[in-house]
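The structure under discussion appears below in the form of structure tokens.
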Amino acid sequence: MPDGKAGPQRRCLLSGLRAKPDHLLRFAVDAAGAVVPDPAHRLPGRGLWLAPGPDAVAAARAKGAFARGAKRRLQVPDDLATRSVTAWMAHVAAQVEKARRAGLVMAEGAATVGGDVLLADAGSLGLGRLALRRTPFTGRLAADLALLARLVEAAR
């Protein structure tokens, strides 16, 4: 996961792996002290980061990793893994729609993969592969699609 490029890095609660935030799932603590998924990275706080993997959310919940990472007692819902998949799917679907409205999604057959085109797998949303014009927004969208794919694969 770590790609060697400079930039902020976060640590996975379970494995201790350091990676760019785009490669990790972010969770936050809401006002009631409950752990909630934060796919948009917008909720306040430092965040609780987790590498997507087989049963990663369930394992972090069972081992008390969220409470240890937050350094306080938290409410961790039993269905956090399911909520995570749902939250990331909604987030990515909204981002794909924004990219479409902005004209950043092209027909795959019409696009030549090169310096200005990025192919992203949106199979987890039932969209197949997307050809995207390369921008910072679509780079983040491609990273979110990859995270979602790993999260959906882990939930099976």
query: Among the listed residues 122, 102, which satisfies the condition of being touching a Gly at 6+ places or on another chain (Cβ under 7 Å), free of Cβ contacts under 8 Å to residues at least 60 places away in the same chain and over 30 Å from residue 31 (Cβ atoms)?
result: 122
message: Take the residues in the range 98-107 that are among the aliphatic types (A, V, I, L, M) and assigned to a loop (DSSP other than H, G, I, E, B); name whichever of them is farthest from residue 140 (Cα to Cα).
response: 107
query: Failed condition for residue 95, given (1) outside any strand (DSSP E or B); (2) at pLDDT 95 or above; (3) surrounded by 18 or more Cβ atoms within 10 Å (Cβ to Cβ), with all others met?
result: (2)
query: Give me the pairs: first residue in the range 130-156 and more than 15 Å from residue 24 (Cβ to Cβ) and surrounded by 16 or more Cβ atoms within 10 Å (Cβ to Cβ), second residue at pLDDT below 90 and polar (S, T, N, Q), beta-carbon distance under 6 Å, and six or more apart or on different chains, which are they?
result: 132/138; 152/124
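The values are calculated or read from the model by the stated rules, or taken from the named source; none is laboratory data. Please read all numbers here as calculations on a predicted model, not as lab measurements. Ideal geometry is used to build each Cβ from the backbone, glycine not excepted, and the neighbour counts take in all protein chains shown.
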